[in-house]
Amino acid sequence: MSRARCTRAVPFGTLVDYWLDDPPSADPEELEEHLFACEECSAALEAVATFADAIRRLGRKAPFRGGLGPAILGRMERDRRVIRRYRARAGGHIHCTARADDDLVALELSADLAGVERVDLLYCAEDGTLLERARQVPVIRGRGVVWAESGDVLRKLPTGISYVRLLAVEPTGDRLVGEYTLHHTAYRP
């Protein structure tokens, strides 16, 4: 016997906010009633809980690299994690480093992502060579993404220039929505 699909699926961001005790954008009582009654949304909340817990553990014990939402970053800061944040608009430059006590370094990359359903992040060397493509990076309110990496990893990098590009992945092809130049300064104890 198959169960009926949810017709009022709770958005991912709302589930994250609810799990992390941030004020939800929806009515809390109505949201809880729905979560208790809907198997599909309840399972999605369980997946969020598992993911959030893994992110918190990873940042403490193992290298982490990936897209995060502001609620998870906020929770990590409340857990007394040291997060160095850098912000830039599309076309901007970020002069960045990782210091001795940084658990994570977060790039807050602004771009016009209104209506964009999927964003991939490209990490490129100074000569433009693609080093990594991260698929389906979480979009924050149609205005940008947050990319974070463990301070332990970044402290090992030499001084240099690299680029981050955000691509809107659309049925007609990829569309560049933002490019950011990273001027990394090596860690010196």
Report summary line: Ordering 92-98, 68-74 by per-residue average of other C-beta atoms within 10 angstrom, highest first, gives 68-74, 92-98
Report summary line: Taking 5-17, 127-139 and ranking on average Cβ neighbours within 10 Å, highest first, one gets 5-17, 127-139
**Report entry** Dipole magnitude of the chain about its Cα centre (Cβ charges: Lys, Arg +1; Asp, Glu -1), debye to nearest 20
**Finding:** 820 debye
Report summary line: When the charge dipole of the chain is computed with +1 on Lys and Arg Cβ and -1 on Asp and Glu Cβ about the Cα centre, the Cα farthest towards its positive end, among GLY91, LEU109, SER162, belongs to SER162
Query raised in the report: Among [x] 16.7, 55; [y] 15.5, 45; [z] 18.1, 62, which is the computed Rg and Dmax of the Cα atoms in Å?
Result: [z]
Query - Under the span-like rule (Cα at least 20 Å along the axis, Kyte-Doolittle mean at least -0.5), DSSP H helices of the chain - result: 39-61
Report task. Taking only Cα atoms and a 10 Å spring cutoff, compute GNM fluctuations for the chain and point out the largest among GLU126, GLU108, GLU29. Result -> GLU29
Query raised in the report: Got the relative contact order for the chain handy, in percent, Cα pairs under 8 Å and 6 or more residues apart?
Result: 21 percent
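Read the figures in this text as sums done on the coordinates, not as results from a lab. None of the values given here were measured: they were computed from a predicted structure. Backbone-built Cβ (ideal geometry, glycine too); neighbour counts: all protein chains shown.
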